[in-house]
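Take a look at the structure below.
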Amino acid sequence: MRSTAIHRKQTRCPNFLGLALLILLTGTGCHKHVVLNAPPASAPLQERVAAYEKLQPLSMHETHLMHKRGLAVTGFIRRVDYLQLANSERVYYPEDLLPAVGSDSATGQAAKRSKLARTRARAFMGFSIGSFTVGTGAVLVPILTRNPDEPLNTTPMWIGSGLAIVGTILYFVSNGFAGVANDEASTAFETYDSSLRNNLNLCDSGQGWSACR
């Protein structure tokens, strides 16, 4: 069984803040979806082989983000970037592979789990940003608009502090879902070649491609 080459890019961050910012800046990029089409398993062998030669994976690309203190690694994040196909397409979203492998395949199942987790991660991140922003504003407004002749109104500050705390909690919840989405994307990409060949009903007999059944 052939394996997909994995290319890793390592980035060292000088501190934890740099690591967090790099994850934020590099993990929210907007990439286009790709449309893949594969013939059915009942199609002529030559058509299926031609499709496989175009859709087969060449390499999976990852970025490794780490923070080091001296020689010790104190923070590490592995992020799946994209799957490079033979037809020059880069697949960033594992659910784009579904038309080529089928939804019931190992790749298809992982792709659907990745998409669900990614959707939840983005939703919680949106709530986190909103809650933290409103909370921070509620804390600062009484201070910035305070009348020196009147006592400081701390009620909005307490409410704002609570909202900021909720926003922080939601941030970590979002990160948890993002981690699941990343892991499932990795599974989808790693199993894609096998799922593609199964969906096309192609087996390598050692003397060329033939139908598996």
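Read-outs: derived from the displayed coordinates by stated rules, not from any lab. Owing to the predicted nature of the structure, the values given are computational and were not obtained by experimental measurement. Methodologically, a virtual Cβ is constructed for each residue, glycine included, from the backbone with ideal geometry; neighbour enumeration extends over all protein chains shown.
Listed values, structure above:
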item	result
Scattering curve values for region 85-151, log₁₀ I(q)/I(0), Debye with Cα scatterers, q = 0.23 Å⁻¹	-0.95
Calculated from backbone phi, Karplus (6.51, -1.76, 1.60) coupling profile of region 167-174 in Hz, x at Gly/Pro	x, 5, 4, 5, 4, 5, 5, 4
Region 63-180: equivalent-ellipsoid semi-axes (sqrt of 5 x gyration tensor eigenvalues, Cα, Å)	43, 19, 12
Rg/Rg_ref, region 125-200, where Rg_ref = 2.2 N^0.38 Å and atoms are Cα	1.95
Full-extension gain in nm, residue 154 to residue 134, via 0.36 nm per residue minus C-alpha separation	5.6 nm
Likely footprinting exposure, 183, 104, 96, fewest C-beta neighbours within 10 Å first	104, 183, 96
Residue-span extension gain [residue 211 to residue 41] - 0.36 nm each, minus C-alpha spacing	60.3 nm
